[in-house]
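Step one of this worksheet: look at the structure below.
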Amino acid sequence: MPERRGDFKVSATERQIVRALGSIGGATLLSRVAGFVRDMVVALAFGAGPVTDAFFVAFRIPNILRRLLAEGALSTAMIPVFTEYTVTRPRPEFLRMLRSVLALALLALSATAALGILVSPWLVRAIAPGFAGAPAQAALAVLLTRVMFPYLVLVGLAALATGALNSQDRFFAGALGPAALNVGMIAAVLGLASRVDPPILALAIGVLAGGAGQLAILLPALRRCGLLVRPSTELRHPALGRLVRLLVPAAFGLAAVQVMVFVNTLLGSLLPGGSISYLYYADRVMEFPLGVFGIALASASLPVMARQAAAGDKREVAETLTFALRLGLYVSLPATVGLVALRAPIVRVLFERGRFGPAETVATADALAWYALGLAGFAGSRIVAQAFYALGEAGTAVRWGIVSVAANVVAALFLMGPLGHGGLAAASSVGAYVNVTTLVWAARRRLGPLGGRALVASTGRTAAASLPVVAWCGVALVAWPAAPALWLDVVWLAGAIAGGAGIFWAASALLRAPERAALLRLLPSR
């Protein structure tokens, strides 16, 4: 039966999604905070320049493979299969399947990492052709890439463990894992940077340590659920064929976002030095709300839609998708307003110290504004894609992902001239909106009506509730002290963000937004 919160009914499905969102979002919040501390430490120690450009290029290569072959596509392909086995098969059969998947994952990830180490020079040349005129920078990027490639094995196994736990409705440990990566990198910079040559090598070592931590933090949860198993020698389990069939298109589907990142890195290497670093730092800020809410919401929705799809209930899948989209917009729109309006103070507080000066703040804030404008598109495309993965139709996401990649490339070529690195960020936002628009159209054809009127009404309410936030941010910027004392900037920024969030929450209450009522599920009942 639906439960009432205020004047609104909250369905059982919505309660399930919001509870999962609370677990994933809370853990992701801790991870993102640790990530900001990591980036502040990196900015303080290395600034933004050729050395950090080399690291970010090197880190991007295994990171892209991580998202395609491990954390992203592997988790997306596994959850529908694991969920079906959990619901329809006896426990021993589920564990047998899990052992076979673990064996195949170990073989595939190890082979990919070994191959990556061998071909690192060609990978760096492909992803950053602008480094060709700087042999020392290119050589450093190759060295760092080779050191970090084994991270793919560690994070791939962590993704497998996370998928198994999510199929059992256990979300917190998997979402907390990335915090271990940030802690490992912070510890490496603070403890090793002065002891290794070149000092940036400490960051690469920290990535490996963090990857081991990501896996280790999942072991207690796996043991409690009885899922801590050894790999088997059975590589012909029936589930493996289905998993591979889902994995391949899922990898291509998630490749849309990663190709956008690749294009930006490639074109950024042709711009003035530091451009890649500006884009990286800006993307890190934008990913805070995206990860804590947008991606967390997509992750929370997938197991629910997978169960509904396994039961053959397309109407329920459509309703769950619409609810997730409305909730994503409810947070993305005011977050966009805040990020665009407060971009310079945010970057100043987070990064402006040491070798990261006022000029770097201005350049990074410029990229942040353009990224932030695409926040709703980035979140929405992740949410809609999950519906197709739940249905076992990842190929649809692949086709429209390719269209969005093409839109990103065309926009980047047109915008990088007049807008520099900011144009590359803007092009990513263009690609994201093309992606979500085409995916929603395809979902409507597959699932039937998605409640378009409710979605439009929800968007209108959220936009109206965001208008007072615009005024608040304008007043707050007039009062911005821009003081040399960091603590004054921190206090001012915290007040500006808290005030804006409070104003939006109150405005959405006056407008009787159902999404607000649903989010109240995160609070204890009276």
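The values are calculated or read from the model by the stated rules, or taken from the named source; none is laboratory data. What you see is a predicted model; the values in this text were computed from it and never measured. Note that each Cβ is placed from the backbone with ideal geometry, even for glycine, and that neighbours are counted across all protein chains shown. When the accessible area is computed, the model is the full protein with side chains, heavy atoms only, and any ligands, DNA or RNA have been set aside. Shrake-Rupley method; radii C 1.70, N 1.55, O 1.52, S 1.80 Å.
A few notes on this one:
- Accessible-area value, Ile503, 1.4 Å probe, nucleic acids and ligands omitted, Å²: 50 Å²
- Computed as a quarter of the hull surface, the mean projected area of the alpha carbon convex hull for segment 99-151 stands at 3.7 nm².
- At least 27 Å along the helix axis (C-alpha) and Kyte average at least -0.5, DSSP helices within the chain: 12-46, 91-118, 172-192, 238-268, 314-341, 394-419, 421-447, 452-478, 486-510
- If you take the alpha carbon atoms of segment 283-411 and fit the smallest convex hull around them, that volume is 109 Å³ per residue.
- Potential extension, Thr459-Ala136 segment - 0.36 nm per residue separation minus Cα distance: 111.2 nm
- Helix-only CD estimate at 222 nm, as mean residue ellipticity for the chain, using -39500 (n - 2.57) per DSSP H run (n ≥ 4): -27000 deg cm²/dmol
- Around Ala442: net Lys/Arg minus Asp/Glu count, Cβ-Cβ under 12 Å: +3
- The alpha-carbon atoms of segment 380-526 define a convex hull whose volume equals 188 cubic angstrom per residue.
- Rounded if a/c under 1.5, otherwise prolate or oblate - segment 420-506, Cα gyration tensor axes: oblate
- When the trypsin sites (Lys or Arg not before Pro) in segment 151-226 are filtered for DSSP coil states and for at most 15 other beta-carbon atoms within 10 Å of their beta-carbon, the remaining sites are Arg195.
- Once the Cβ-Cβ distance of Leu413 and Leu467 is raised to the sixth power relative to R0 = 35 Å, the FRET efficiency obtained is 0.50.
- Note on the chain: semi-axes of the ellipsoid equivalent to its C-alpha gyration tensor, largest first and rounded to whole Å, are 33, 31, 21.
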